[in-house]
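Visitor: Below is one structure. I have some questions about it.
The values are calculated or read from the model by the stated rules, or taken from the named source; none is laboratory data. Being a predicted model, the structure only gives us computed values, none of them experimental. Note that each Cβ is placed from the backbone with ideal geometry, even for glycine, and that neighbours are counted across all protein chains shown. Quick note on the areas: whole protein, heavy atoms, side chains included, nothing else; ligands and nucleic acids left out. Shrake-Rupley method; radii C 1.70, N 1.55, O 1.52, S 1.80 Å.
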Amino acid sequence: MESDRISCLPDHIIDQILSHLPIKEVGRTSVLSHIWRNKWSTLPDLMFDRQCVPAATSEDPSVSKIKFLRIIDDVLLLHSGPINKVQISAGYDLIDMNSVADINRWILHLTKRSFKKLVLDFWLDEPYKIPCCLFSCQSLHRLELYWCSLKPPTTFEGFRNLKSLHLEQVTMTQDAFEKLISGSPLLEKLKVAYLDGFTQINIHAPNIKCVQIIGKFEGISFDNTPQLAKVLVEQTSQSRLHGCSSNLVNFFDHLPNIQYLFADVVPVKLPTPCINLTTLQISINFNNLKEISAVLCLLNSSPNLQRFGIYARLEEHADHLSPVSYCWEDIFSEPVMPLKLQRVKIEDISGTKCELDFIRFILLYSPVLEKMTVKPVLNVTSKLMTELIRFRRVSGQVEVIYHVKDSS
């Protein structure tokens, strides 16, 4: 008998189709053909989320929770192929503190299967305590944890194959964090957000290429990071650094090879030029002379900067800061050297003199500038557009785009 078309599909095509379906729907494909009958049990990427148990208005929430736990149990128990990725993303209605023993059991089972990627994204009444068995899983390439508590055993020396690490609202000690980072020699990408337990972030990672840090911290230190090319630093408004310029100078001193930087706090003077920096995004308060000096410092210390994005920020509690007036050329190092900027984006400005002077400065000292995009805040008058048209431009090919935000 001639086979039907779906039975003749190559295995990798079938796997690709199944990868786009919820786990529940993957199981139903077993009725399509005898070739598909057991395909669900070899699916390499397992996503357990709300789609596993679509909400029914008439169903008791506890019933959905039982169904969700049972689905994960059945899939992990009957799965017969290699596992690449497991992701558990659920809300309070599907996982709660009573589910902790089940989660521990799943992780213990997975550590015996040599899987590569783990994402735990659920929020209990208190941070989920990662079981010790996970720290022995040396097959991990990617680890993503939310709202967890990490306390590695004393014998833990890192994940030797880990390449990507994402920790968000994770509680751990500084010693545990540093041991995790330094003990993962292949680590290339690191994102940490709102860590709890320490405020000084020290990173020792010879292969790290991209780092993103969000939240409250007092200082950042990079040691032995020769491959680092992209850094994003965002601090919460409650923890903006004051009086910590020495820490930030040390931070920038270790970034001579940086290619992409996003930061909302920078020092006034850099000890080492960022000769490889080609992309810079930064947020500043145009009424703060120190921040203006810091931006000019970065421009002066980045001789190969090509893309520059700047976001105007108004401090909520900045009554002590009155509007200032200054000349950008006077602040900039003498003489003013031509910038190599090609594309500039300026957002959330309101048309103040300080903001207009900055735009004028960029247009006047960027001979190879190709495009400048200006996105003001809402309800800005046409006066801003008029001023932009009048500014002298040293680049004969620059295109200035005035983007009006949609109030809807």
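Visitor: Collect residues whose amide H, placed 1.01 Å from N in the peptide plane, falls under 5 Å from the amide H of Phe262; neighbours closer than 5 in sequence don't count.
Guide: Residues meeting the amide H criterion: Val231, Leu232, Val233, Gln281.
Visitor: Is the stretch 107-156 rounded, prolate or oblate when judged by the Cα gyration tensor, a ≥ b ≥ c being the square roots of its eigenvalues, rounded requiring a/c under 1.5 and prolate requiring a/b larger than b/c?
Guide: Cα axes put the stretch 107-156 in the oblate bin.
Visitor: Also: Give me the number: length gained by fully extending Thr154 to Ser41, i.e. 0.36 nm times residue separation minus the C-alpha to C-alpha distance, one decimal in nm.
Guide: Fully extending the segment from Thr154 to Ser41 adds 37.0 nm.
Visitor: Computing the accessible area with a 1.4 Å probe over protein heavy atoms, can you report the carbon and sulfur percentage for the stretch 142-227?
Guide: The C+S portion of the solvent-accessible surface of the stretch 142-227 is 45 percent.
Visitor: Follow-up question, since we're still on this one. What lysines sit close enough to Lys340 to cross-link, taking a C-alpha to C-alpha distance under 21 Å and skipping anything fewer than 8 places away on the same chain?
Guide: Lys230, Lys269, Lys371
Visitor: If you don't mind, there's one more thing I want to ask. Within the stretch 1-127, what whole-number % of the accessible surface is contributed by carbon and sulfur, with the 1.4 Å probe and all protein chains included in the calculation?
Guide: 56
Visitor: Residue by residue, what Karplus-based ³J(HN,Hα) values in Hz, rounded to whole numbers, does the stretch 274-280 have, using 6.51, -1.76 and 1.60 with θ = phi - 60° and x for Gly and Pro?
Guide: 8, 6, 9, 6, 10, 10, 9
Visitor: Classify the stretch 1-118 as rounded, prolate or oblate, taking a ≥ b ≥ c as the square roots of the eigenvalues of its Cα gyration tensor: rounded when a/c is under 1.5, otherwise prolate if a/b is larger than b/c and oblate if not.
Guide: Oblate, because a/c is 1.5 or more while a/b does not exceed b/c.
Visitor: I've got another one for you. Quick one: which residues, 5+ away or cross-chain, put their amide H under 5 Å from the amide H of Ser149? H built at 1.01 Å from N.
Guide: The list, which skips near neighbours in sequence, is Tyr128, Lys129, Ile130, Thr171.
Visitor: Roll a 1.4 Å probe over the protein chains and send me the accessible area per residue for the stretch 45-156 in Å².
Guide: Per residue, the stretch 45-156 has 49 Å² of solvent-accessible surface.
Visitor: Let me spell out the model: positive unit charges on the Cβ of Lys and Arg, negative unit charges on the Cβ of Asp and Glu, origin at the Cα centre of the stretch 41-120. What dipole size does that give, in debye rounded to 20?
Guide: 440
Visitor: Rounded if a/c is under 1.5, else prolate if a/b beats b/c, else oblate: with a ≥ b ≥ c from the C-alpha gyration tensor eigenvalues square-rooted, which is the stretch 122-230?
Guide: Judged from the Cα gyration tensor, the stretch 122-230 comes out oblate (a/c at least 1.5, b/c at or above a/b).
Visitor: Could you list which residues have their amide H under 5 Å from that of Val400, counting only those 5 or more apart in sequence or on another chain, with H placed in the peptide plane?
Guide: When sequence neighbours closer than 5 places are left aside, the close amide H contacts are Met372.
Visitor: Another question about this same structure. Would you kindly derive the ³J(HN,Hα) couplings of the stretch 10-26 from the backbone phi angles with the Karplus curve 6.51 cos²θ - 1.76 cosθ + 1.60 (θ = phi - 60°), listing them in order in whole Hz, with x for Gly and Pro?
Guide: Taking θ as phi minus 60°, the curve returns x, 4, 5, 6, 4, 4, 5, 5, 5, 5, 9, 10, x, 3, 4, 6, 4 Hz for the stretch 10-26.
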